[in-house]
């Protein structure tokens, strides 16, 4: 008779808001460009006079609103769970459910980060499984520790048989 038991949690991670730092920098640069254009090109373009001076500021503020919504959605809904039998990923209601990756099927685990992510302590973890399946977990705080935990769990699962 097959063993019927629940998954026991070993490690949890989620999307860390620090992973949005490049987006925040881009939004800040975009805001600066929009506001500078309003100040420096005011005489060249009569659009500001026709539409109203606040339209330019609304454009800049709208970008921040979209960025905040994306970061909030990811921080609240993205969860990455390592259990004693599988890696489970949930990316919220906007994404299709990800089937669990059984630890017995894992063929490789890698972790990394860009130069900004390394300084902020966030990055990605890539889990490769049998059959060519690969799962990339983004925005992970301390990705090396999470990858090491997955490797350890895979070793325990293989030793168990």
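The values are calculated or read from the model by the stated rules, or taken from the named source; none is laboratory data. Please read these numbers as outputs of a predicted model, since none were measured by experiment. So basically every Cβ, Gly included, is an ideal-geometry build from the backbone, and we count neighbours across all protein chains shown.
Listed here are the residues, each with its yes/no results for (1) more than 13 Å from residue 140 (Cα to Cα); (2) at pLDDT 90 or above; (3) in contact with a helix residue (DSSP H, G or I) (Cβ under 8 Å, 6 or more places away or on another chain).
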residue	(1), (2), (3)
60	yes, no, yes
86	yes, yes, yes
115	yes, yes, no
120	no, yes, yes
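Out of 82, 103, I need the residue that is surrounded by 13 or more Cβ atoms within 10 Å (Cβ to Cβ) and more than 30 Å from residue 24 (Cβ to Cβ). Which one? Explain how you work it out, then say what you get.
Values: 82 fails: more than 30 Å from residue 24 (Cβ to Cβ).
None of the others qualify; the one that does is 103.
Can we say residue 130 is touching a residue at least 24 places away in the same chain (Cβ under 8 Å) and under 28 Å from residue 21 (Cα atoms)? If you could, list the steps in order and put the result at the bottom.
Numbers: touching a residue at least 24 places away in the same chain (Cβ under 8 Å): yes; under 28 Å from residue 21 (Cα atoms): no.
Taking the combined requirement at face value, the residue does not satisfy it.
Tell me which residues, restricted to segment 85-100, are surrounded by fewer than 18 Cβ atoms within 10 Å (Cβ to Cβ) and not in a strand (DSSP E or B).
Correct list: 92, 93, 94, 95, 96, 97, 98, 99, 100.
On the given criteria, is residue 125 surrounded by 15 or more Cβ atoms within 10 Å (Cβ to Cβ) and touching a helix residue (DSSP H, G or I) at 6+ places or on another chain (Cβ under 6 Å)? Write out each step before concluding.
Working: surrounded by 15 or more Cβ atoms within 10 Å (Cβ to Cβ): yes; touching a helix residue (DSSP H, G or I) at 6+ places or on another chain (Cβ under 6 Å): yes.
So residue 125 fits the description; yes.
In segment 11-33, how many are assigned to a helix (DSSP H, G or I) and within 11 Å of the chain's Cα centre (by Cα)?
Step one: list which residues in segment 11-33 are assigned to a helix (DSSP H, G or I), which gives 17-33.
Imposing the further condition that a residue be within 11 Å of the chain's Cα centre (by Cα) reduces the set to 17-20.
Total satisfying the criteria: 4.
Does residue 50 satisfy the condition of being in a helix (DSSP H, G or I), surrounded by fewer than 13 Cβ atoms within 10 Å (Cβ to Cβ) and at pLDDT below 75?
Values: in a helix (DSSP H, G or I): yes; surrounded by fewer than 13 Cβ atoms within 10 Å (Cβ to Cβ): yes; at pLDDT below 75: yes.
When the stated conditions are applied, residue 50 passes them.
Only one of 159, 148, 155 is outside any strand (DSSP E or B), closer than 22 Å to residue 16 by Cβ, free of Cβ contacts under 8 Å to residues at least 40 places away in the same chain and more than 16 Å from the chain's Cα centre (by Cα). Can you tell me which?
Numbers: 159 fails: closer than 22 Å to residue 16 by Cβ; 155 fails: closer than 22 Å to residue 16 by Cβ.
When all the criteria are applied, what remains is 148.
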